[in-house]
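Following this message is one structure expressed as structure tokens.
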Amino acid sequence: EHESETVVTSPWLMYEGSAQSLRYHELVRSGNTYSDVVSGGAVDISGNRILGPSGAVATVDSAHSDGIHAGPYMVSDMVDFVSLLRSRSDSRRLWAIVHHEDAPAQTQAIEVRQELNGTLRPKKIYNVDFSADG
């Protein structure tokens, strides 16, 4: 085993002199539906789902529960970045702004609730519409 192939991480970090435990929790997965909107689901200017050519893009079939696979609609699994923003009016309400890098590129806003223990839970996904910006 080569040293370059070994990943060394810690289950905690130090923040302001105090140890904080770390854990990974998947917030959303491309292809899964949250409040009737598919995470990564490409839509046209009218908000209609875009059909994907068979085998050309990652697609999802709403009858299948394990995410991306062959199906009729285009779903992006190419998340470029996520910005996490806190609401001004409710400290437990956050917004995850997700940019998908596929063609057509798309942006989705995920309404997130932070529980008292810090866990983030997705509530609703909104497709961001930039069509009025020209």
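Values in this text are rule-based calculations from the coordinates and carry no lab data. Because the structure is a prediction, the values reported are computed rather than measured. All Cβ positions, glycine included, derive from the backbone under ideal geometry; neighbour counts span all protein chains shown.
In a shell of Cβ-Cβ distance under 14 Å around Val43, excluding Val43 itself, what net charge do Lys and Arg (+1) and Asp and Glu (-1) give?
That works out to -3.
Quick check: net charge around Lys123, other residues with Cβ under 10 Å of its Cβ, Lys/Arg +1 and Asp/Glu -1?
Summing Lys/Arg as +1 and Asp/Glu as -1 gives +3.
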